[in-house]
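K.L.:
Structure in structure tokens, see below.
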2 protein chains.
Amino acid sequence: MSKAIFYHAGCPVCVGAEIEIIDLVGVENLDIVHLGEKKEQISIAEDFGVKSVPALVTPNGHVLHINFGASLEDVKS
Amino acid sequence: MSKAIFYHAGCPVCVGAEIEIIDLVGVENLDIVHLGEKKEQISIAEDFGVKSVPALVTPNGHVLHINFGASLEDVKS
């Protein structure tokens with residue numbers, strides 16, 4: 001299986017979810033992208049359908065929004 | 001690791017998330033509970049902090065609300 005992508009923005013909700021997702025899925029199966037630090041990747045995340053962080057894009061391209069930390073609009077600003 | 005519990009209520013959003021979570025975590029690591037069919041378990045889910053389905057309760061007791069299908073209030077009615 002190719003990797004899932006975990007998008008976050010360093011917020012407390014994101015960090016909490018990241019710990020759980022690493023535990024469940026395994027860090028070796030994840031690409032972890034901090035959109036606050038890599039703003040050029042926000043449009044890629046949007047193309048997957050990501051609306052808020054934290055979010056997990058599965059290897060087959062589906063988006064799981066996990067809890068709610070911040071909208072992508074907030075991350076952009 | 002003990003099992004994570006995936007709570008759902010048979011809604012389309014739930015089914016979509018279930019497929020992804022099984023793919024990511026492995027069905028052998030999951031207890032899957034249909035709260036629409038097992039309403040007596042709704043209060044157990046609430047005690048974990050579940051507010052809506054689909055939701056995943058991790059082996060260490062944290063709740064990940066995944067996308068949004070229905071509130072537990074809706075499932076009760």
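The values are calculated or read from the model by the stated rules, or taken from the named source; none is laboratory data. Predicted model only: the values in this text are computed from it and were never measured. Here Cβ is always computed from backbone atoms with ideal geometry, including for glycine, and neighbour counts include all displayed protein chains. Each accessible area value is taken on the protein alone, full model and side chains, heavy atoms only, with ligands, DNA and RNA left out. Shrake-Rupley method; radii C 1.70, N 1.55, O 1.52, S 1.80 Å.
K.L.:
So which of A:32, A:21 ends up being open to solvent by 40 Å² or more (accessible area, probe 1.4 Å) and of a type in the set (Val, Ile, Thr)?
P.N.:
Of A:32, A:21, the one residue that is open to solvent by 40 Å² or more (accessible area, probe 1.4 Å) and of a type in the set (Val, Ile, Thr) is A:32.
K.L.:
Out of A:52, A:71, A:2, which single residue is hydroxyl-bearing (Ser, Thr, Tyr), free of Cβ contacts under 8 Å to residues at least 60 places away in the same chain and farther than 19 Å from residue B:67 by Cα?
P.N.:
Every option except A:2 fails the conditions.
K.L.:
With respect to residue A:36, determine if the residue is touching a helix residue (DSSP H, G or I) at 6+ places or on another chain (Cβ under 9 Å) and under 25 Å from residue B:50 (Cα atoms).
P.N.:
In short, no.
K.L.:
Out of (1) of a type in the set (A, V, I, L, M); (2) touching a Ser or Thr at 6+ places or on another chain (Cβ under 7 Å); (3) open to solvent by 70 Å² or more (accessible area, probe 1.4 Å), what's the single condition that is false for residue B:27?
P.N.:
Here residue B:27 meets the rest and fails (2).
K.L.:
Would you tally the residues in region B:57-77 being within 9 Å of chain A (Cβ to nearest Cβ) and in contact with a Lys or Arg (Cβ under 7 Å, 6 or more places away or on another chain)?
P.N.:
Of the residues in that region, 2 qualify.
K.L.:
Still on this structure: For region A:40-70, what are the residues that are surrounded by 12 or more Cβ atoms within 10 Å (Cβ to Cβ) and farther than 20 Å from residue B:54 by Cα?
P.N.:
Listed by number, the residues that qualify are A:41, A:42, A:44, A:45, A:46, A:48.
K.L.:
What number of residues in region A:1-17 are open to solvent by 20 Å² or more (accessible area, probe 1.4 Å), more than 11 Å from chain B (Cβ to nearest Cβ) and assigned to a helix (DSSP H, G or I)?
P.N.:
Residues meeting the conditions: 2.
K.L.:
Are any residues in region B:18-56 among the acidic types (Asp, Glu), within 12 Å of the chain's Cα centre (by Cα) and either within 13 Å of chain A (Cβ to nearest Cβ) or assigned to a helix (DSSP H, G or I) (or both), and if so, which ones?
P.N.:
B:18, B:46
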